Structure formats: structure tokens, C-alpha cells
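A.B. asks: The structure's right below; bear with me while I get my questions together.
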Ligand SMILES: N[C@@H](CCC(=O)N[C@@H](CS)C(=O)NCC(=O)O)C(=O)O
């Protein structure tokens with residue numbers, strides 16, 4: 001790595017929360033760049049990205065995103081740039097929040113384990129939390145979206161949340177008795193609901209899961225999270 005890694009995401013926790021905490025715990029506040037992009041800028045950048053992507057497809061060549069904020073072939077965020085880690089010393093640009101968070105955690109954080117069974121349980125938690133976000137229904141028509149979301153919250157999402165609760169450790173953490181990536185991925189999900197960003201699923205929805213309410217307290221008191229929350233707004 002020939003410079004600081006740069007993580008690009010919106011100015012809220014969302015899918016970047018695990019990677020941000022892992023980068024901070026691994027490298028400290030000065031060891032990485034927390035780059036944020038607001039929605040209007042993202043929309044403009046996405047249009048620029050799309051124009052080059054369409055042109056490259058039509059011309060049968062690899063796209064060149066020089067000058068674009070979105071540098072990957074997927075064009076979404078979170079996006080991680082690792083200076084000098086690409087071919088011939090170029091910058092490596094990757095997407096996928098789970099893969100990014102795992103790399104970030106391996107840079108020296110206390111969020112990793114060397115126990116294969118613990119790792120398996122952590123990965124299972126990560127997949128369960130990710131599934132809740134990935135299966136969430138969307139629709140351009142707000143009335144349709146509302147009814148799809150309400151049915152989702154009462155059905156598959158509730159089943160997923162319950163599944164996670166049954167698997168949580170007695171300590172209140174997801175796996176074992178300290179913070180791991182599993183807790184951060186779970187926090188990303190319920191933070192979206194608590195903060196009102198999960199459209200048509202009210203904040204109080206979380207109160208029907210006592211293990212999650214306990215987890216909110218555990219996270220507030222966790223030393224790594226306390227240190228992180230002192231330095232970062234999201
Ligand atoms: N599988 C990806 C999904 C990333 C994703 O969907 N990101 C959203 C923001 S949270 C995005 O960039 N959406 C805009 C788009 O796809 O154009 C991950 O887990 O990181």
C-alpha cells in the first residue's frame with residue numbers, strides 16, 4: 001500500500017459502517033480517508049459513470065473512469081481505493097461492503113479471530129444481516145413500495161431478525177464476548193430502521209426484538225464503539 005486507503009460512501013452508516021469502524025480500529029483516524037458523497041453529487045457522478053459505461057460497451061472496450069468519483073465497473077458505493085495495490089502499482093478499486101469490511105478488519109483491528117468456528121459464526125451473521133438489506137423490496141410507485149415493505153417487515157424480515165436473535169451470544173454480542181464484524185453488520189441493519197431510513201418500517205419495529213434492544217446498549221458501551229463515536233458523526 002503506497003498511501004492511505006480511501007473509503008467512499010454516503011454520510012450515514014448504511015453499508016459502510018463495518019468498514020469504517022474496522023478501518024478506524026485498524027489504522028486510527030489518520031490512517032485512512034473517510035470520503036463521503038451526498039445524494040445529489042452521487043446522482044450526478046452516477047450519470048457521468050453511466051455515460052462512459054454505455055460508450056465503452058458500445059465500443060467494445062474496457063471503460064475508463066478517469067475523472068469520475070465512481071471508479072469501479074459496478075459504479076456503486078461503498079467503494080474502497082487502495083493506493084498502489086493494483087496491477088503495476090496502480091490503485092486498486094473494489095466494491096462489495098462485506099469484502100471491503102473483511103479487508104479493513106485484517107489491517108490490524110481487534111475485530112478478527114483466528115478461530116475457524118467463530119469465523120464461521122461471524123460469517124453466518126454477516127450473511128443473515130446482509131440478506132435483510134438485499135432482499136428488501138423496492139418500487140418506483142410509493143403505494144406499491146409501502147405495501148411491499150410492510151409485508152416484508154411482517155414476514156421475511158421478521159423471520160430474519162428473529163433468526164439473528166436466536167443466534168446471539170448470551171453476552172449480548174453476536175459471537176463471543178467482544179465486538180466483531182457480525183455486530184457491525186447487524187448494527188447497520190437496525191440503525192437504518194431506528195433512524196427512519198428504512199422506508200415504511202417504523203423505528204419502534206426494533207423494540208419487538210429484545211435481543212436487538214440489548215445489543216443497542218452493548219454497542220453504546222463497547223470500548224471500540226465509544227472510541228469510534230467520539231471521533232465520527234456516522
Ligand atoms: N452488493 C453491494 C451493494 C451496494 C449497493 O447497492 N450500494 C448502493 C448504496 S447503499 C448503491 O450504490 N446504489 C446505487 C446504484 O446501484 O446505482 C454491497 O453490499 O456493497
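Laboratory data are not the source of any read-out in this text; all were calculated from the coordinates shown. All figures in this text were calculated on a predicted structure; none of them were measured in a lab. Don't worry about glycine lacking a Cβ; one is built from the backbone with ideal geometry, like all the others, and counts go over all protein chains shown.
A.B. asks: For the chain, what proportion of DSSP beta bridges, expressed in % and rounded to the nearest 5, is antiparallel?
C.D. replies: Details: 7 of 11 bridges.
DSSP beta bridges in the chain are roughly 65 percent antiparallel.
A.B. asks: Let me ask you something else. Could you line up 95, 36, 41 from fewest to most neighbouring Cβ atoms inside 10 Å? Each step should come with its number before you reach the end.
C.D. replies: Working: 95 19, 36 16, 41 12.
Ordered from fewest to most neighbouring Cβ atoms within 10 Å, 95, 36, 41 come out as 41, 36, 95.
A.B. asks: Under 8 Å for C-alpha pairs, at least 6 residues apart: give me the relative contact order for the stretch 92-189, rounded to a whole percent. Mind dumping the intermediate values first?
C.D. replies: Working: 69 pairs, mean separation 35.5, N = 98.
In percent, rounded to a whole number, it is 36.
A.B. asks: Classify the stretch 131-222 from the C-alpha gyration tensor, please: rounded if a/c falls under 1.5, else prolate or oblate depending on whether a/b exceeds b/c.
C.D. replies: prolate
A.B. asks: Is the chain rounded, prolate or oblate when judged by the Cα gyration tensor, a ≥ b ≥ c being the square roots of its eigenvalues, rounded requiring a/c under 1.5 and prolate requiring a/b larger than b/c? Mind dumping the intermediate values first?
C.D. replies: Numbers: a/c = 1.98, a/b = 1.24, b/c = 1.60.
Here the chain falls in the oblate category.
A.B. asks: Return the single residue from 92, 186, 23 with maximal mean-square fluctuation; model: Gaussian network over the chain, springs between Cα atoms under 10 Å.
C.D. replies: Sorting by GNM fluctuation, first place goes to 92.
A.B. asks: Express in whole angstrom the spacing between the alpha-carbon centres of the stretch 39-93 and the stretch 126-185.
C.D. replies: Each part reduced to its Cα centre gives a spacing of 30 Å.
A.B. asks: What ranking do 162, 15 get, fewest neighbouring Cβ atoms within 10 angstrom at the top? Provide the component values of the computation, followed by the final result.
C.D. replies: Values: 162 13, 15 23.
The fewest-first ordering by Cβ neighbours comes to 162, 15.
A.B. asks: Taking the Cβ of each residue in 183, 177 as the centre, tally the other Cβ atoms inside 10 Å and list the residues starting with the fewest.
C.D. replies: Listing 183, 177 from fewest to most nearby Cβ atoms yields 177, 183.
A.B. asks: Name the shape class, rounded, prolate or oblate, that the alpha-carbon gyration tensor gives for the stretch 73-181, where a ≥ b ≥ c are the square roots of its eigenvalues, rounded holds for a/c under 1.5, and otherwise prolate holds if a/b is larger than b/c and oblate otherwise.
C.D. replies: oblate
A.B. asks: Here's another thing I want to ask about it. Given an 8 Å cut-off on Cα distances and at least 6 residues of separation, report the relative contact order of the chain as a percent.
C.D. replies: In percent, rounded to a whole number, it is 22.
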